[in-house]
Each structure stands twice: as structure tokens, then as C-alpha cells.
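Below is one structure; the comments refer to it alone.
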There are 2 protein chains.
Amino acid sequence: MNLAALLTSAGINIGICVLLLSLFSILRKQPGNAGVYFGRWLAEERSQRMEPFSLERLVPSPSWIAKAWECSEDEMLAVAGLDAVVFIRILVFSIRIFSIAGVVCIFGVLPLNYFGQEMQTFDIPFQSLEVFTIANVKQGSKWLWVHCLSLYIISFSACALLYFECKKIIRLRLLHITRSSPNPSHFTILVRAVPESTGEKLNDSVKNFFSEYYASSYLSHQIIFGVGKVYKVMKKVGMAYQKLTYIKGAAVHNKCKSFRYRCGLCGRTSNSIQLSQNETELSHKKIDDVHSNSITSHKECAAAFVFFRTRYAAVVASQVLQTSNPMMWVTDLAPEPHDVYWSNLWIPYRQLWIRKIATLVASTVFMFLFLVPVTFVQGLSQLDQLQQILPFLKGAWRKKFITQIVTGYLPSVVLQLFLYMVPPMMMLFSSVEGSISHSGREKSACCKILYFSVWNVFFVNVFSGSVISQLNVISSPKDIPTQLAKAVPRQATFFITYVLTSGWAGLSSEVMQLFGLFWNLIKRYVLRWKNDPASVPSFPYYTEVPKVLLLGLLGFTCSILAPLICPFLLVYFILGYVVYRNQILNVYCSKYETGGQMWPIVHNTTIFSLVLSQIIALGVFGIKKSPVASAFTIPLVICTLLFNEYCRQRFHPVFKKFPAQVLIEKDWEDEESGKMVEILQQLHSAYCQFPPGTPELGYVVSDGQSSAATENDAKNISKENKIGSFQPTSIRFPFSMLKRALASLALLVTMNDKTSPS
Amino acid sequence: MNLAALLTSAGINIGICVLLLSLFSILRKQPGNAGVYFGRWLAEERSQRMEPFSLERLVPSPSWIAKAWECSEDEMLAVAGLDAVVFIRILVFSIRIFSIAGVVCIFGVLPLNYFGQEMQTFDIPFQSLEVFTIANVKQGSKWLWVHCLSLYIISFSACALLYFECKKIIRLRLLHITRSSPNPSHFTILVRAVPESTGEKLNDSVKNFFSEYYASSYLSHQIIFGVGKVYKVMKKVGMAYQKLTYIKGAAVHNKCKSFRYRCGLCGRTSNSIQLSQNETELSHKKIDDVHSNSITSHKECAAAFVFFRTRYAAVVASQVLQTSNPMMWVTDLAPEPHDVYWSNLWIPYRQLWIRKIATLVASTVFMFLFLVPVTFVQGLSQLDQLQQILPFLKGAWRKKFITQIVTGYLPSVVLQLFLYMVPPMMMLFSSVEGSISHSGREKSACCKILYFSVWNVFFVNVFSGSVISQLNVISSPKDIPTQLAKAVPRQATFFITYVLTSGWAGLSSEVMQLFGLFWNLIKRYVLRWKNDPASVPSFPYYTEVPKVLLLGLLGFTCSILAPLICPFLLVYFILGYVVYRNQILNVYCSKYETGGQMWPIVHNTTIFSLVLSQIIALGVFGIKKSPVASAFTIPLVICTLLFNEYCRQRFHPVFKKFPAQVLIEKDWEDEESGKMVEILQQLHSAYCQFPPGTPELGYVVSDGQSSAATENDAKNISKENKIGSFQPTSIRFPFSMLKRALASLALLVTMNDKTSPS
């Protein structure tokens, strides 16, 4: 590939992006697409101001970019929560570091690479791209210290920026604890592996244990029930019914946020929905009756939520080893009410360690053997085999153009189709693992997808594909730097095109929500459903964070070897900054909040990328026979690792534990202002396992000071909940699958260049 | 080496052992040697009943064996504490598992190995020892399933035994918390990295912080002072002076145990010593004056001991993250008063992580490069070079016998001399690391010595010595099983002789205390010192635990490959059981208690040994072309690792944290019985940094409820302390160094066999 071809490719991609973004700026103005492009507004029941029809609605305008750009961080925090801000900080960090890297590499390294060897022609556009990489520098060149210096500058600025980002995010995280509206999860612990004792109910065991050992701070508890098969069937019936009533057009006025405290079963203060139709009430009643019969089939799980009077008491109870058997009375801080992954809570605690090992093994095997079936299917897709399988297309095979497309693109299509399996597979693994919260599951899936993509996009491409050579690399670790040093500059062109296709095109498809749009059309004109606020998806951090981090890794490793990648990456991150801000502000709804828990992943990946790029540089300097540059790179690796260790000591504990000082002060503040009583009252109704009213279970056990909600109250409000809590996972799935398709179609071109034997 | 030679060697070793043990049984009856053989009795001021001189005192008798054997575990626990019991449990575990392994391997595996190939001669005694190893089994032999089955039996019984030992030790550890006399360390935390604030003294900072956030449970605190150079000089003067007064013959009646609570400065109830001489009191006063002047040169450290009202409160405060900066207000449970490693407490907390990394790197480098200087010096010791260096011995060189000894033994002597450096070096590393307690330092040194000996005795011997081949092995990990499988059976003979020489001879030299005896003679007849109860050493777990574990590792790895090792090992462990029990009961004094903290090391090492032996077996089955046996070994490895993971979940947290339930119940018990007031009063005086009276510092800050000791009291009692607390490290060192010399002299023979080019 030469420079002109790269620039042409970039031009085409820019054209496609501009086209898609313009299209988006028109489509978003159409009221019919509000469900696609303004999901958050819908979920929060904010009305978008839609102008009456005018010509302006058909003209593309960049106003959405301005809006997305202008929104300040505080507004972002208020609207979308800390997780969104942390995600945006990843992009800000990337923009900053790759601006520095871009300036250093384009003006420092690129000319050296270009003039590294005497050239036959000076026709820049038709030079091979290899000329711009470090491969063009002569062996033993005296100018390699510039590369080394650039590496130093990039590494030090990355560390400095990381340090300040860490500080900032820690500050935001603490503010999140102190300033946010009171969070029931701060007062609650999840206790698992409650031992069964003869003659005592689990309920009583929990009550006795905590009122004995935590007498001063224990408030109440709530037993978790194992969900039997009958209940699961009933739940599905309920969902179908609820869908039905919704389509019938009941007016719903519930805010997304209100779910947090007013789950419906026991809350008192919620504005309950007034379903006016008599018949719907009747059918509700019927379903409730069947349901309450079925619920007697639930078993008590050996798990419970235990509520405490103060945040500090809850944190202490969650961190202390309770009894002499560490596998009994296991305590953790509870997730947020909407974050609870109920169906995992019944898993016996003693199974968890083996589940974790099993999923670890399974996902590692999946990661390594991913290419085996793909290669097999790709092997099948050779022309002669295809001709045998599909003989009726004989006529078509004769045309060269079609043959080229089929043999060229089919392998890539197969690879892409297999790639779509990855996020759902990883999510499945993470579910089996036994996370107690949706966010924990997503975080675990995020790590798995990250490892997967770093391995299968970076390393497998570098080590040129086959499973056997992958395994060879693992078995001879000392050759890794040299092998990487040989392979990475060679693959730099591919990585640049990967940024163009997977990065840029991915962003335009993300903002377009092509399949959301398509699904919306079907919903509106074929199925005649109305927009459902509960079906608004939450931001898929677990797929987007690995994407951004992977491109960051490509940037770090390629920047001094093939500096041309920097401008493309910079464009990607800036575009990503605008697009993701728009998506967070308008499209996705945040259902729960982890308080920036994903930052340690980002930090560790960035350090990994830095060290990897340093090791590759070490290998390159070795190959280029520049002992001085090699010698200077080793202290850099050590410094980076030391910096990482320092950050692990200085910052990471705050992501794992809440600081006592902050919690105690917040407790005092609430007690002084008299808010505490209200908070504690709301606590009882925060965690609802069975939203359709089942008050006869009486599962909130109070210690007498705060009364449980009465049956009437519960039934009254329970209807509200029916339209809130079941939806997300059921509707979200096709979106997240399909959304990525467009992004990858563009990638096909690139992959094809690689895989077809040209 | 043939069987006859081995048995001869064993016979000689048995003879030496019997001789030494008989000698010991006579020497121990002589009153003059009480300081050597009855150190604990001396330290505890128990009088041994020495019979008047009779002929019986000159006749060897096995009565000490009976006494050591008879002592029950409860008595052991009462006399020597939990750590000693745990150490004995390691031996019990080893005896049990190697009894099983011995039976299985001698009756199952050995005949198969012996009849593995058709033999020319049937003269068993003159068969090479190789005939008894697995090397003698034919390739593709059908009988390899017996080896595999033996491996299964050994692995499963080891796991089962480990499980029950774990359970037992956990039970003992909990009993140690509940039944033992109240331990001030349970009520105390060590807070480090107290931030300096302008206008506030550290003392006030600590007081304000804890009385603000731990108002209900905070009792008082005690600031730790940085020790200036002046103080260190004064301390040495004090020690010399104290030695002097002691030699003068002041009668001292202080028990070793009484130090625990009555450290002298502030305690009230101790029976203070009545030094009758006026002049000594006067000189005490002088020294105290100089000392109190010097103490003004101490700086306040950013560290303090904080005392709480209950055990539970202390544990909570030690586990919770205090502030939003994890590197400030760092809390840990305090070590026992005599366990505190004062000189490490002044180290700023922010240095610790880098110190840990530095010592890790240093000890790893030391471990890998250990053989480089040894080989170099050994190279120097070649005959011709020696002749150049020492030309005056020309006459001697001509005699063949002397030449043989010099060239044969010199390399081994050099190696042994270097080996003596290892424990002090590792202790040095562990001190630099910054442990806050002596026991922590010893535990860390124990791990380092263990890694060192496993690497340098097992792996280096297996991979035949040179540094380069060591590094080659690391760089090609997939060849390791095959290489091990080839090398271990070849080295089995060496390992058997290692058990004989290093194991058996080591034990006899341990019980003889040859250099203690020697030192005692010098003390009594040359220096004319009296026995000093404070100089009684504590049990050197950090050298003995790695020794026992290393022999266990040799046993596991060799048992199915070269079953002849089992009987020798079994004798070693049984002898060790008797010898170590005797040493613990009579010789060593236990100064502090970790509550069985060393068990996780034992557990992990045993699992490592098991997995290693399984991997070696896997390699051997591979070489012998027995795919069935190989296939059956893989699930065994997986099962062992799963078992380890289960134990890590089930047992190990109890070694790291105290269970809340146990502590709370113990608190209640003490409060109900009214003991708590007394315990809390004693708490103030438990931790004394400056034993010679420095009451003007007033470093115990009380919150008004319990009064600090008055100056007079303190001065009165401080004298007691002067003879208790400085000695251990100063006098103990030569013992621990020299004690091992005899053990290794015997090893020289074996090492020589290996190193000399025969």
C-alpha cells in the first residue's frame, strides 16, 4: 500500500462519515425517530422540543455537535452519572496523549524514518508506507536516539496525564459518595451462605445473628427467595400481559430515576399510576392471584440483604470476616437496587469459586481457539468447494467480479459473524461466573472482551494468524520482544486501516443507530407498538471501553514505529468524544452506577500498552543494533512499572473500599439535617425481588421501629413497577448485536486485504 | 553408587547419630551445661532437678527421648505456644504421609522398578542404585499404571491429611485467641503515615482523629519516636553497663513471661528487682540522666500505637480504609509487645512499597546469581593455582592424600561457607523490607530461604549446576516437564544421600548444640560470665521450617521415581519429631507468638511439591511412552490445584483476619467477668519503646479514664527491664550461625562426590 492509497482510503472513509453524520443530523430531527435518538429523554419523560415541520428539518446541521461539545462535565455528571464521565475522561486522556505523541512523532520521528535510507525516487505519494515506518531506518543509525527520546516523552506524559486523571476521578468518586442523593446500597450489605440450622428458619438465623453481633447498627433484613420454575413461567406470562396492556395505550408517568427508591411494592411516596380501565385492573388481580399461589413454591435462599443504620456500619460489616468459617456468613456491600442481578443470588456461595475457575478456563480456551472454527469455515469457503455446495450458481461463478467478491469477502464475513458472538459469549461467561450485580457482570465481561480483542486483533495479527504460531510464541517467552519488533512495523499499515475502518466507521454507525432505526420502523409501522421508556438501553460500556482501549494500545505501540497512525487516531478520539457525549446525553439511559469502577481497567490497560510499546521498542533498537537506545529503554520500562505500582498503592484501594472518614462524615451530616430517618424508612422498600405484589411473604423483617408497608399500599403501587423492571435485557439485546454490524462492514475491506492471497 | 555403598553410608551416619545422641544424653545431665540444654528452664527461672553426682550421670540414657515423646500437645501448647505446636504438626504430617508413601512405594513401585528390565546378575547389594529407580522400567511398560496409582494414593492422602491438619490448626488458632491470656496486641492497632498538619502536633493529630471518628471505642494512644544517632550510642553504652552489673552478680528474679505485660516503665504490679548495691543505683541514675537528655533529640515519628476498648473495635479500625488517601492513616493490627520491631517503625510508610520491590529484586538476583561467585572461587581452588598462591606448602602438595582432600573438599567448603551467608542475608533483606514485627521479618525471611533452597538445592542440582543452563530452562517453559523427568531420577541418589547427611546429621548437630556448648565453656571458664536468662535464643523457625519443607519436597518428587528415599526420610522425620520437641521444650524460649501464621507457607509448599511431583511423573510417563498413565495424571494435577483453591477459600482468610464473632464473644466474656478494666489498664504500659525510664516524655496519652504511671513507679521498675529487652539479637547470632556448621560438614562428603570430576 502506498501513501496515496492510504489517503484515498481515508478520504473515502471521511466521505462516508460525513454522509452518515449529515444523514443522522436530519434523521434526529424527525419526531418519529425520537425513540432511537432520544431514548434518555423518553426514559426520563422529558419532552424534546420538536419544531413544527419546516424545511430546516431536512437540512443537515452540525448543531448536535455543538450541543454535545458544549455540555460541561458537571452537567454530564448530573445527567448521566459518574460512569459516563469516567468514560468521557478516557477519551479526553486519549486525545491529550495522542496530541503530544502526534506532535512528537510527526515532527521528530517521521522525517527520520523517511530519510532513513537513500531513496531512488522522491515522489512522496507513491512511496510505499513502509518508508514512513522505522523499518526504513538503517541498522546502527545514529539517529535512533530521537526515537528513544520520543518514547521517553510519550511515556512520561502518559504517566503524568494518568496520574492527574486518577486524582480527578478519585475526587469525583468521593463527591459521588458525599454529594449524591442517598443511595440505599450504601446502607445495605448482601450476606450469603447463611448456614442452615435445625429448627431455625433462615429468616430467624439472619435476624438473630445480626441483632446479636451488630445490635447497635442493625436495622432490618430481607431474605432472598430462590426462584422456582413456576415463577419463571409466571414471570413470562406477566411480561407478555404487561406488554399487552402497554400497547393498549395506558398513559404512564414514571420517571426513570424514580425507580431508585420507589420500587412500587412497599414504597409510600411514589405517584402511582392511575390505570383507569377496570378490565385491566381485573386481569391484574387474576395474575396476582395465580402469582401468589406460585410464590409459595419459592424456597428461601441462604442469602439476604441486611440494612444498617449508618453507612459506616454497613461498610464495616461488609469487610470484616464474620465467623471462623470464611465460607459462611459471607458479606459484601450490596449493589444498587436496580443493579442487583437477582437470578444469581440463589447460587450457593460455595459454588462460586469453582464457577469462577470454570469460566476463566472457558473464556481462555475460547480466546485461544477462536480462530480454529473460523479458519475451518474459511477453508470451506474456497471457490471450488463453494461450487460443489452451490452448483445452481454456476453461471455466476464464471463472472470474475463476483468470484473476487465472494472469495475475497467471504472469509472476512465469516470472521465478522464469529466476532459478533464474542460480546454475548463473554456476557454469558460472566453471568455463569455468579456476579451479584449487572455492573459486576458487565465489568467482568469488559475485561474478558478486552483480553480477547487485544489478543485476537493485536497479537494474532502480529504473529500472523495461525494457532500453532500463537502457541509457539507462548512457549518461548524470551524471543517475544524480537518477534514483536519484527512484526509490528510490518503490520502498522494494517493497524492504520483498522483505525480508519473499525474506528471511524464504527463511530458513525454508533451515532446512526442504523438497526435501532430499522427496528423503530418495524415497531411503528408493522407491529404498531408505541415507544416504551423501559426499553431504552443503558450504555454498553462493556463493548465500548475495550474498543477505545484497543485503539489506544494500537496507538501506543505504533506511534514511534509508524507515526502516521497518530493523526488518524486523533481524529478517531475527537470524533468519539463528540459522538459518545451525544449518545450518553441523548440516547442511552443510565440505570445504575458503579462509581467509576472501570477506571482501574483503563489504568492497567494503559500501563500495559506503554510497557508493551517499550518492550517492542527495545526489540527494535536491538534489531537496529543501537545498544545505547536499548540501554536507555530499560530504565524507562522499570520507571513505568514503578509508577504503576505507586498508583496501585495510592489510588486503587479507593476503588475497592469506601473511606471510613467520608462515610462517617456523611452519616453525621444526614443525622444532623434529620434526613436519616427518611432514608432509613425508604431503605425497607428499596430492594424488591418480586415486583408484582406479594405482600403475604412479609419479606422485610423490621426490628419494630419502622413498619412494613401494608398490603393495600403495596398492591396500589405495584402496578407502576410492572412496567419498569423486566424490560431492559429483553429488548436491548438485538440493538447491541446489530449496532456493531455496520462498523465492521467497513472493516471487511481491510481484513480482506490481509486474508486474500494477493 | 550401589546399594551396599548406600547402606554403608547410612550405617556410618546412623553410627554418628547414635554416638552424638549418646554424648548428648550424658552432657545434658551435667549441671554446667544447663545454659546450653535447658535454656527455656533458665529463662523461665524453673529449677531443673539435678541429682547429686552419681555414676548415672556418666551413662547415656534414652530418658530425654521418652520425655520429649510423652509430652502431650496441650502441654506443648501451654509451654511453648501455638507456633511450636504448628511446627510439630508439620513433622507429624510428614511422618504420616511418608509412612503411606513408604508402604505404597516400597511394596508397590520398588519391585516393579527392580524387575523392570531383564538383569544380568541378581546380586542385589552390588546393583547400581539406578536399578531401583524408574529409569530401570522399560519404555512402553504395561506396569506403569502402578506408578500412576501410587501417585494417586500419595496425592489423595496428602490432600486429605492437609485438610485435617488445616482444620485442626484453625481450631487451635481460634482457641489461641479465645483461651489465651489477654493479649494487648488484640486491642491495639499500629497507625502509620499520620499526616503532618501545620500548627498541630502529631500527638494531637492522632488524638483528634481517633477521638473524632472512633469516639466510642478509642482508649488512648502512644506516639512512636524516631531514634536518633545519640540514642543509639547511649543504648550501646547502656547495654555494656548492664552486662557489667550483671556480671557483678546481681541476683535477678524475673520471669521470661512477665515481660509480656510488665515491661517496667509504667507497669505497677511487677515484682521489681531489688538491686541492693548503692553504687549500681547511682550509676543507673547517671545513665538515666544522660539518656533523658539525649531523648530530646528524638523526633516524633508519623506512627503511633492506638489502643481501643474492645478487640472488635481494634480489628475494625485495622481493616477499614481510613481516608480517601490510602497512603495516609494506614492502620494494621499491632504486633505483640515483644514482637515489635521498633527500629522499622520510623520508616515512612510511603517508602515501604519501594523497599518491598527492591528487596524482592535483590533477593531474586541473589538467588539466581548465588552460584556465580561460588563457581568463581571454586575455579580458583584448582591445584595448580593453589600451588602458585601458597608456594611454601610445596612439600605437602606432593602427597596424594592431601591433594585429594584439598581439591576434593575445597569446592564444597567454599560452597558451604557461602551457604552460611544465606539466612543472615535473607534476614537482612527482610529487615530492609520494613516489617513492623520480628515475626513478620522471620516469616518473610522464611519464605525467601525456602525459595532459595528449593531453587539452589533442588532445581540447580537437577539442571546440573551452571547458571546458563538455569536461565535456559526458564526461557523454554514447555520443555520443563521433560527435562525434569530426565534429570530427577538421575539425581535421586544424590537426594537420598542429602537426606542422610544434611537431614540426619543436621538433627544430631541441632540436638548437640556443639557450638553452644563451646561458647558455654568459654563463657564459664574464660570470660567468667554467669548464665544470662535473657540470652536464651528463640526457636529459629525461619531456618528450620524451610529445611523440613525442602526434605518434604524431595520426598514427594522422588518417592515414586526412586522409592528408596522413603525409609530414610521417615527416619529423618521421626528423629526430627523427637529432637525438635526436646529443643522446644528445653532449649529455646518463645518470646512472641504469631498464632500459626506459618501454616499457609507449609500448605502452599506442600501443594507445590505435590504438583511438581505430578508434573515430573507426567514427563516420565511421556518419556516411557505410556499415554494412559500420562492421561490419568492430568486430572490429578487439576484436582490438586482445585483442592488448593478450595483451601485458600476455606481456611486461609482465618490466618489473615480475626473472625468478628470470636472477638465479640471474647469481649463480652471479659466484660461480664469484669476482667476488661484490668486488661485496659495494663494496655497503657504494654508497649515501651524506651525501656530505661524516660517518663518525662509522657508518651501514653490517656483520655482521662486511666491514669499513666507516675514517675517514681516507672523509675522503680525500669531497672527490671534493663536486663530483659536488649539481649536477644546481640547474643543469639553466633549460635544460629555456628549451629548449622556441623550439619553441613557431613554434607560436604556428598557434595564432594558430585562436584569432583570423578
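Okay, residues lined up against (1) out of contact with any Cys (no Cβ under 6 Å at 6 or more places or on another chain); (2) of a type in the set (A, V, I, L, M, F, W, C); (3) more than 21 Å from B:Phe621 (Cβ to Cβ):
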position	(1), (2), (3)
B:Leu110	yes, yes, no
B:Gly116	yes, no, no
B:Leu129	yes, yes, yes
B:Ser141	yes, no, no
B:Trp145	yes, yes, no
B:Phe156	yes, yes, no
B:Ala160	yes, yes, yes
B:His176	yes, no, yes
B:Ser180	yes, no, yes
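Does A:Ser685 count as outside any helix (DSSP H, G or I), surrounded by 15 or more Cβ atoms within 10 Å (Cβ to Cβ) and either of a type in the set (S, T, N, Q) or at pLDDT 90 or above (or both)? The answer is yes for A:Ser685.
Residue-by-condition table, conditions (1) crowded, with 20+ Cβ neighbours inside 10 Å; (2) assigned by TED's automatic domain parsing to the domain that holds B:Thr605; (3) without any contact (Cβ under 8 Å) to a residue 40 or more places away in the chain; (4) not β-branched (Val, Ile, Thr):
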{"position": "B:Val511", "(1), (2), (3), (4)": "yes, yes, no, no"}
{"position": "B:Asn531", "(1), (2), (3), (4)": "no, yes, no, yes"}
{"position": "B:Ala534", "(1), (2), (3), (4)": "yes, yes, no, yes"}
{"position": "B:Phe539", "(1), (2), (3), (4)": "yes, yes, no, yes"}
{"position": "B:Leu550", "(1), (2), (3), (4)": "yes, yes, no, yes"}
{"position": "B:Cys558", "(1), (2), (3), (4)": "yes, yes, no, yes"}
{"position": "B:Pro563", "(1), (2), (3), (4)": "yes, yes, no, yes"}
{"position": "B:Phe568", "(1), (2), (3), (4)": "yes, yes, no, yes"}
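Would you please name the residue that is modelled with the lowest pLDDT, looking only at residues in region A:617-648 that are crowded, with 19+ Cβ neighbours inside 10 Å and among the small types (Gly, Ala, Ser)? The extreme case among them is A:Ser626.
Of the residues making up region B:143-185, those that are more than 13 Å from chain A (Cβ to nearest Cβ), in contact (Cβ under 8 Å) with a residue 60 or more places away in the chain and of a type in the set (A, V, I, L, M) number 6.
Which of the residues spanning region A:158-177 are among the hydrophobic types (A, V, I, L, M, F, W, C) and within 24 Å of A:Ser613 (Cβ to Cβ)? Within region A:158-177, A:Ala158, A:Cys159, A:Ala160, A:Leu161, A:Leu162, A:Phe164, A:Cys166, A:Ile169 meet the criteria. Condition first: hydrophobic (A, V, I, L, M, F, W, C), surrounded by 19 or more Cβ atoms within 10 Å (Cβ to Cβ) and within 10 Å of another protein chain (Cβ to nearest Cβ). Now tell me which residues in region B:331-373 satisfy that. B:Leu352 - this is the single residue of region B:331-373 that is hydrophobic (A, V, I, L, M, F, W, C), surrounded by 19 or more Cβ atoms within 10 Å (Cβ to Cβ) and within 10 Å of another protein chain (Cβ to nearest Cβ). Scanning region B:334-354 for residues that are in contact with a Ser or Thr (Cβ under 8 Å, 6 or more places away or on another chain) and not in a helix (DSSP H, G or I) yields a count of 5. For region B:117-134, the criterion of being within 40 Å of the chain's Cα centre (by Cα) and at pLDDT 85 or above is met by none of the residues. Can you find, within region B:475-496, the residue that is farthest from the other protein chains (Cβ to nearest Cβ) among those that are in contact with a Phe, Trp or Tyr (Cβ under 9 Å, 6 or more places away or on another chain) and touching a residue at least 40 places away in the same chain (Cβ under 8 Å)? Looking at residues that are in contact with a Phe, Trp or Tyr (Cβ under 9 Å, 6 or more places away or on another chain) and touching a residue at least 40 places away in the same chain (Cβ under 8 Å), I get B:Ile496.
Here is a yes/no grid of residues against (1) more than 14 Å from every other protein chain (Cβ to nearest Cβ); (2) closer than 22 Å to A:Lys666 by Cβ:
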residue	(1), (2)
B:Phe187	yes, no
B:Val194	no, no
B:Leu202	yes, no
B:Glu212	no, yes
B:Ser216	no, yes
B:Ser220	yes, no
B:Ile223	yes, no
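The set of residues from region A:428-437 being in a helix (DSSP H, G or I) and either surrounded by fewer than 23 Cβ atoms within 10 Å (Cβ to Cβ) or among the basic types (Lys, Arg) (or both) comprises A:Leu428, A:Phe429, A:Ser431, A:Val432.
Of the residues in region B:83-92, not one is small (Gly, Ala, Ser) and modelled with pLDDT under 85. Every condition in (1) under 22 Å from the mean Cα position of the chain (by Cα); (2) of a type outside the set (Ser, Thr, Tyr); (3) at pLDDT below 75 holds for A:Gln48 except the one numbered (1).
Counting only helices (runs of 4 or more DSSP H) wholly contained in region B:596-659, the ones carrying 2 or more residues that are hydrophobic (A, V, I, L, M, F, W, C) and within 11 Å of chain A (Cβ to nearest Cβ) occupy B:627-650, B:652-656.
The values are calculated or read from the model by the stated rules, or taken from the named source; none is laboratory data. If you're wondering where the values come from, they're calculated on a predicted model, not measured in any experiment. Counting neighbours? That spans all protein chains shown, and the Cβs are built from the backbone with ideal geometry, glycine included.
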